[in-house]
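The values are calculated or read from the model by the stated rules, or taken from the named source; none is laboratory data. What you see is a predicted model, and the numbers here were worked out from it, not measured in a lab. Ideal geometry is used to build each Cβ from the backbone, glycine not excepted, and the neighbour counts take in all protein chains shown. When the accessible area is computed, the model is the full protein with side chains, heavy atoms only, and any ligands, DNA or RNA have been set aside. Shrake-Rupley method; radii C 1.70, N 1.55, O 1.52, S 1.80 Å.
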Amino acid sequence: MINWHNKEDSSWEGSFTSTFFCDDENSHELSIGIQNSSLVDYAEKCVESFNSLPDDIIDKLCTKIIKCAKRSDDEFKRRSFDNVRDILKYCWFTMVYVGTPKNPNQASYVVEGEGEWGEEIGFAVKNDKLVYVGVDYFDYLK
């Protein structure tokens, strides 16, 4: 699933095809980074989790992204969405970060992106559950 591009250091970077989310060029090709080359198999598990997020999690994520956008931008405060997923027309995701797992059987990762409203936006997933959406997503990589 992951095509590893940079394997020169202990931290690796690669890319994979997202089944749902897009980057800033409307491509489904996202990047992934690991802190240690021993996490290659775990990173595959995380990509599988990312690409299998259930609809209710995606809807919850989109609802929280809308709240973040409305808090930081007056234009978004006035905007209404018929479908919460419409927010994905105004934001994108570029990178999945995989840290050292506490439990290698549970996928945990953070996803970095940006909103058209000019703010970074990210989310954290632990054990296939959405645990955070906002700007401080790196706090959940530990």
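Starting from the exponent 0.38 and prefactor 2.2 Å, build the expected Rg for region 74-142 from its residue count and divide its actual Cα Rg by it. Walk me through the numbers on the way to the answer.
On the way: Rg = 13.8 Å, N = 69, 2.2 N^0.38 = 11.0 Å.
Ratio of Cα Rg to 2.2 N^0.38 Å: 1.25.
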Helix 55-72 against the longest principal axis of the chain: what's the angle in degrees, Cα atoms only, rounded to the nearest 10? 60 degrees
By how many degrees, between 0 and 90 and to the nearest 10, does the Cα long axis of helix 40-50 differ from the longest principal axis of the chain? 20 degrees
Candidates Y90, Y109, Y42; GNM for the chain (alpha-carbon contacts under 10 Å) flags as most fluctuating Y90
Could you tell me what percent of the accessible area of region 1-84 is made up of carbon and sulfur, with a 1.4 Å probe and every protein chain present? 39 percent
Give me the percent of DSSP beta bridges within the chain that run antiparallel, rounded to the nearest 5. 85 percent
In whole Å, what is the distance between the alpha-carbon centres of region 58-81 and region 1-15? 33 Å
Using label points projected 7 Å from each Cα along Cα→Cβ, tell me how many nm separate F20 and S72, to one decimal. 2.1 nm
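Assuming R0 = 35 Å, can you tell me the calculated FRET efficiency for the pair N6 and E116, based on Cβ-Cβ distance, to the nearest 0.05?
On the way: r = 29 Å, r/R0 = 0.83.
Here the calculated transfer efficiency is 0.75.
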Mind checking the full-extension length gain between D59 and S38? Use 0.36 nm per residue of separation minus the Cα-Cα distance, one decimal, nm. 4.3 nm
Once you've got the GNM for the chain with C-alpha springs shorter than 10 Å, pick whichever of I87, I32, I57 has the biggest mean-square fluctuation. I57
Any idea what log10 I(q)/I(0) is at q = 0.17, 0.23 Å⁻¹ for region 62-109, Debye with uniform C-alpha scatterers and no solvent? -0.63, -0.81
If I take the Cα coordinates of the chain and project them onto the principal axes, what are the three extents in Å, biggest first? 47, 28, 24
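Which whole-number value in Å² is the accessible area per residue of the chain, probe 1.4 Å?
On the way: 7770 Å² over 142 residues.
Result: 55 Å² per residue.
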Length added when fully stretched, S27-Y132, from 0.36 nm per residue minus Cα-Cα: 35.4 nm
For the chain, the longest site-free run once GluC sites (Glu not before Pro) in DSSP loop states with at most 16 other Cβ atoms within 10 Å are removed: 26-115
Once you place label points 7 Å from the Cα toward the Cβ at N83 and K102, how far apart are they in nm? 3.6 nm
